[in-house]
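Q: Structure in structure tokens, see below.
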Amino acid sequence: MGMWKNRDIWIPASVSAAIILAVTLAAAVILSPEAAGAAAFMGICLFALFMGTAFFREKSIRKLSEELDRILHGEEGLEISHFREGDLEILRDEIAKMTWTLNQQSRRLADDKEQLSRALADISHQIRTPLTSVNLMAERMRRPDISEGEWRKLLREMSHMLGRIGWLVDTLLKLSRLDVGTVTLKQEKFPVSSLIEDALRTFAVSMELHGQTCIADESEDICISGDYTWTLEALQNVMKNALEHTPEGGKIWIEIKDTVLYVQMSVIDSGPGIPKEDIPHLFERFYRGKTAGKDSFGIGLSLSRAVLSLENAVILAENSKDRGGCFILRFYK
């Protein structure tokens with residue numbers, strides 16, 4: 001029997017058998033044969049009880065071992081049997097918790113692997129499109145009969161495409177740093193007005209070319225806390241999205257609301273608004289809504305949410321009643 005290989009069984013069994021034999025012989029010598037028979041009978045009963053308990057305990061251990069082996073070999077949907085209280089049962093319960101945790105981690109790793117695969121496919125697609133355009137432009141620029149005007153036009157378009165690729169790669173690197181937790185955000189207090197001014201400065205030339213204007217509330221006395229550089233990055237991505245959906249000669253509004261609990265910054269455009277079916281997905285990585293521009297990669301808003309989530313802040317999207325899309329950045333105090 002396999003149980004006899006267990007030192008915790010055969011050693012106590014041997015000692016018990018020796019004690020029973022010694023007590024029986026002592027009873028036979030000192031008392032009487034009848035007392036020796038009674039002692040031997042009681043000893044045998046106790047020994048049989050011990051061996052029965054040991055047998056069922058060994059059987060239970062084998063069952064536990066088999067279940068663990070099946071789990072470790074990848075059998076899904078298998079749960080360790082329920083056991084009553086006791087030292088072995090406590091061990092089984094702890095192993096059950098451990099295997100459940102490992103199964104959950106395994107599922108999460110599988111999900112992460114699938115998400116990574118999809119993300120790599122999306123990144124490859126996003127980069128391949130502008131690169132293909134750049135290659136086609138380069139081929140056209142090599143033609144001997146190309147005019148100087150057409151050559152300059154292609155050069156501007158190529159520069160624009162390369163700028164898109166650079167922005168995409170830079171944004172993806174920032175997202176990856178946030179994902180793996182290698183970014184340490186500062187906690188500093190700064191005025192909202194400075195943040196808005198720096199964000200607008202980035203788009204000044206583009207807004208002038210398209211005749212777009214920004215109307216911002218006075219906010220000189222209102223401050224928020226966070227990492228200035230990363231918060232500026234988040235706001236710039238929101239404003240970039242708003243300007244892309246604002247028509248030529250249109251406006252965007254930046255409204256500030258200071259409450260006891262938070263400072264709220266609303267960026268509103270004068271575009272057609274956000275389709276209702278797009279609102280729940282706007283902050284998903286690589287999601288491009290129905291009204292997304294041809295230059296959109298679908299990662300700017302995702303980056304904004306990733307940054308703000310680390311700064312005790314949230315970002316929401318909705319439609320303004322009398323204007324276009326509205327993005328709400330809420331910084332809690």
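The values are calculated or read from the model by the stated rules, or taken from the named source; none is laboratory data. What you see is a predicted model; the values in this text were computed from it and never measured. So basically every Cβ, Gly included, is an ideal-geometry build from the backbone, and we count neighbours across all protein chains shown. Areas reflect the complete protein model, heavy atoms only, side chains present, ligands, DNA and RNA absent. Shrake-Rupley method; radii C 1.70, N 1.55, O 1.52, S 1.80 Å.
Q: Apply 1/(1 + (r/R0)^6) to the Cβ-Cβ distance of M98 and R177, taking R0 = 22 Å, and write down the FRET efficiency to the nearest 0.05.
A: FRET efficiency, M98 to R177: 0.10.
Q: Shifting gears a bit: Sort V134, V169 by heavy-atom solvent-accessible area, probe 1.4 angstrom, most to least.
A: V169, V134
Q: Suppose accessible area is computed on protein heavy atoms with a 1.4 Å probe; arrange D278, D170 from highest to lowest.
A: D170, D278
Q: Something else: At a Förster distance of 51 Å, what's the computed FRET efficiency of R107 paired with Y332, Cβ-Cβ distance as r, to 0.05?
A: 0.95
Q: Another question, then. Per residue, how much accessible area does the range 217-333 have with a 1.4 Å probe, in Å²? Don't skip to the end; give the middle numbers.
A: Numbers: 5430 Å² over 117 residues.
Per-residue value: 46 Å².
Q: Tell me, what is the FRET efficiency for S309 and I19 to the nearest 0.05, using R0 = 56 angstrom and their Cβ-Cβ distance as r?
A: On the way: r = 69 Å, r/R0 = 1.24.
Efficiency at R0 = 56 Å is approximately 0.20.
Q: Given the C-alpha centroids of the range 123-183 and the range 195-254, what is the distance between them in whole angstrom?
A: If we compute the Cα centre of each part, the gap is 25 Å.
Q: If I model a spin label as a point 7 Å beyond the Cα along the Cα-Cβ vector, how far apart are those points for E218 and K189 in nm?
A: 2.2 nm
Q: Which loop trypsin sites (Lys or Arg not before Pro) in the range 205-313, with loop taken from DSSP, have no more than 12 other Cβ atoms within 10 angstrom of their Cβ?
A: Passing both the DSSP loop test and the Cβ count: K276, K290, K294.
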